[in-house]
Amino acid sequence: MSRALDPAWLEVMRQRLLEHQAQLERQLSDLRSVVQAESQYQDEEGPVANHPADEASDLLAAEVDTTISRALEDELNAVKTALKRFDSGSYGICVDCGQPIERERLEAIPWALRCVRDQQKLDAARSRRRA
Ligand SMILES: [Zn+2]
């Protein structure tokens with residue numbers, strides 16, 4: 001069995017990415033309309049906060065929304081990058097070491113850009129920077 005990725009499998013992965021892309025875009029636009037509705041509501045209340053407790057929970061909700069939408073955007077970007085790599089024929093190749101990414105890994109995360117080992121290295125480097 002060759003390590004080369006077969007075209008039928010690649011097409012399955014591409015379809016899964018396209019579906020995931022559409023799903024993420026829907027989630028993001030839903031989230032944006034919620035955030036927009038919330039800020040409109042706040043504008044109507046005016047600059048004077050009559051209910052400090054409400055104000056605080058609104059702020060918290062907005063923060064949570066921002067965190068979620070950022071995570072969704074990151075994922076969407078990764079999906080788009082993966083889709084572009086189909087065009088260049090580099091889908092499924094680790095961007096760091098140039099080796100094929102484990103097939104099981106791609107089936108779990110079709111937008112993965114790195115093999116397990118390099119992703120772990122990257123995650124370790126990121127958490128070191130955060131600390
Ligand atoms: Zn690698």
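What follows is calculated from the coordinates using simple rules that are stated; it is not laboratory data. Because the structure is a prediction, the values reported are computed rather than measured. Cβ placement follows ideal geometry from the backbone for every residue including glycine, while neighbour counts extend to all protein chains displayed.
Summary of computed values
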quantity	calculated
Environment charge at LEU122 (Cβ cut-off 15 Å; Lys +1, Arg +1, Asp -1, Glu -1)	+4
Summed side-chain charge close to LEU18 - residues other than LEU18 whose Cβ falls under 12 Å, Lys, Arg +1, Asp, Glu -1	0
Positive dipole terminus of the chain, leading residue within ILE109, VAL35, GLY92 (C-beta point charges)	GLY92
Helix 52-87 vs. the chain, principal-axis angle (Cα, 0 to 90°, nearest 10)	20
Principal-axis tilt of helix 7-45 within the chain, Cα atoms, nearest 10 degrees	10
Geometric extent, Cα atoms of the stretch 7-130 - Rg, Dmax (angstrom)	19.7, 62
Estimated dipole of the chain in Debye, rounded to 20 [Cβ of Lys and Arg +1, of Asp and Glu -1, Cα centre]	1240
